[in-house]
1. Kindly check whether there is at least one residue in the range 247-267 that is assigned to a loop (DSSP other than H, G, I, E, B), without any contact (Cβ under 8 Å) to a residue 24 or more places away in the chain and among the hydrophobic types (A, V, I, L, M, F, W, C).
2. Sort out which residues of the range 82-133 are polar (S, T, N, Q) and either free of Cβ contacts under 8 Å to residues at least 12 places away in the same chain or touching a Cys at 6+ places or on another chain (Cβ under 6 Å) (or both), and write them in order of number.
3. Which condition does Glu194 not pass, out of (1) in contact with a His (Cβ under 9 Å, 6 or more places away or on another chain); (2) within 20 Å of Leu249 (Cα to Cα); (3) acidic (Asp, Glu), if it passes all the others?
4. From the list Ala218, Ala224, which residue is at pLDDT 90 or above and in contact with a helix residue (DSSP H, G or I) (Cβ under 7 Å, 6 or more places away or on another chain)?
5. Going by the conditions given, is Ala282 touching a Leu at 6+ places or on another chain (Cβ under 8 Å) and either modelled with pLDDT under 95 or among the small types (Gly, Ala, Ser) (or both)?
6. Have a look at Arg97, Arg78, Arg57 and point out the one that is touching a Pro at 6+ places or on another chain (Cβ under 8 Å), of a type in the set (D, E, K, R), in a helix (DSSP H, G or I) and under 22 Å from Leu341 (Cα atoms).
Amino acid sequence: METKLSPIQLYALTLVFLLGTSIIFGTPRLVPDTWLVDLLTIVPSFLLAGLYMLLIRLGGGGNLFDMLVGAWGKAAGRLLILAYTVYFLYIASRNLRDMLELVMTALLRTTPGELVIVLFVPIVAYAAVGGIAALGRLSVLIALMVMMFFTTLTFLLILSGSVDSERLLPFLSEGFGKVAGSVFRSSLWFPYGELVVFLVFHSRLGGPGAIGKAGTYALLSSAAVLTFSDVLQICTLGIENKQYSVFALLDAARLINVANFITRMDALVAFIFIFGVLLKAAVLLYAGARGAAFLFKADVSRFGYPLALLIGSLSLLVSRNYAEHVSEGLIYAMYWLHLPLQFAVPLATLLLLRIRKPKGANA
């Protein structure tokens, strides 16, 4: 019998996955009012999550890979499974590269990046090989630590007098249209669209009712945290400084100065990020391993460590520098990977499953 996650584990897993790298990088700085973008994104994110819930209900208990074969046929379905497997591993490698960039900036400036990846990847692999039950238990601990570190960071910034609400002005300086456009150009697909990975192992998360309830709370919580994080960064750095900062939350943490005793709490930001990346990369790696196991009809545990080595290597090769890494994520990955695999293929799969469903069958 499959081990299913408890409601609190499912909530924590979804929340940490959504916050993952986005709590540090936040909304792509396409407009000044990034906090409003985060707030508005919650509406289309519920619609996108609703699409995934419809797939779960119509899939007859099968996972994403079963749905693809059932809707598209064996040949086309297996090609799409391969595409999703590569996609999950690619996103995992990008998360590792994000972590590497921040750690090299905040903590280990002179340490070779290859050494950081070599030390971190086995931990990700070990977490992924443990399966979804282990990831669920780990997510509760990580959620508590991330929120504790983030709360401490907020408290210290306020205590040091670095927060000024007037820095939120001017409001909607570029108009509402650009804010709304930013929602659909980037913020919806990162991080909310990445929830498509949960279709791979939704049967181990509980029934549609449990997933829907925990997912609703997680979506609302993540939107609240991300909005507050952006507000905090703007109130600390100002709109212009935040917009052109590489790691805005890290720069905000550097302004902490409580009685000239507690200063430069860069490590808090690094810990928030490292724990988030650990869980998110492990979830993506586990999904990629399940895809490989489905294609090669082998046990999923055989692919955990080899694929971990692959994403570790890819994280170093995915781009030559941070500017190229960001550009690739905002342009090429957004339009060539996120939009098709997070929205177009799931929507087409849902329609095909509806067409193929025997007339009169229960939904």
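1. Of the residues in the range 247-267, the ones assigned to a loop (DSSP other than H, G, I, E, B) are 247, 254-256, 259-261, 264-265.
Subset that is without any contact (Cβ under 8 Å) to a residue 24 or more places away in the chain: 254, 259-261, 264.
Add one more test, that the residue is among the hydrophobic types (A, V, I, L, M, F, W, C), and what stays is 259, 261.
Checking the range 247-267: at least one residue is assigned to a loop (DSSP other than H, G, I, E, B), without any contact (Cβ under 8 Å) to a residue 24 or more places away in the chain and among the hydrophobic types (A, V, I, L, M, F, W, C).
2. We begin by selecting, within the range 82-133, every residue polar (S, T, N, Q); these are 85, 93, 95, 105, 110-111.
Those that are polar (S, T, N, Q) and either free of Cβ contacts under 8 Å to residues at least 12 places away in the same chain or touching a Cys at 6+ places or on another chain (Cβ under 6 Å) (or both): Thr110, Thr111.
3. Going through (1) in contact with a His (Cβ under 9 Å, 6 or more places away or on another chain); (2) within 20 Å of Leu249 (Cα to Cα); (3) acidic (Asp, Glu) one by one, Glu194 breaks only (2).
4. Values: Ala224 fails: in contact with a helix residue (DSSP H, G or I) (Cβ under 7 Å, 6 or more places away or on another chain).
Every option except Ala218 fails the conditions.
5. Values: touching a Leu at 6+ places or on another chain (Cβ under 8 Å): yes; either modelled with pLDDT under 95 or among the small types (Gly, Ala, Ser) (or both): yes.
Spelling it out, Ala282 is indeed touching a Leu at 6+ places or on another chain (Cβ under 8 Å) and either modelled with pLDDT under 95 or among the small types (Gly, Ala, Ser) (or both).
6. Numbers: Arg97 fails: touching a Pro at 6+ places or on another chain (Cβ under 8 Å); Arg78 fails: touching a Pro at 6+ places or on another chain (Cβ under 8 Å).
The unique qualifying residue is Arg57.
Yes/no per residue for (1) closer than 25 Å to Val225 by Cβ; (2) surrounded by fewer than 16 Cβ atoms within 10 Å (Cβ to Cβ):
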| site | (1), (2) |
| --- | --- |
| Glu114 | no, yes |
| Phe120 | yes, no |
| Leu135 | yes, no |
| Val140 | yes, no |
| Leu159 | yes, yes |
| Asp164 | yes, yes |
| Leu169 | yes, yes |
| Phe176 | yes, yes |
| Ser203 | no, no |
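Every residue, every condition in (1) surrounded by fewer than 19 Cβ atoms within 10 Å (Cβ to Cβ); (2) over 14 Å from Val124 (Cα atoms); (3) free of Cβ contacts under 8 Å to residues at least 60 places away in the same chain, yes or no:
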site	(1), (2), (3)
Val283	no, no, no
Leu307	no, no, no
Ala323	yes, yes, yes
Leu341	no, yes, no
Pro346	no, yes, no
Ile355	yes, yes, yes
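The values are calculated or read from the model by the stated rules, or taken from the named source; none is laboratory data. Please read all numbers here as calculations on a predicted model, not as lab measurements. Glycine also receives a Cβ, built like all others from the backbone with ideal geometry; neighbour counts cover every protein chain displayed.
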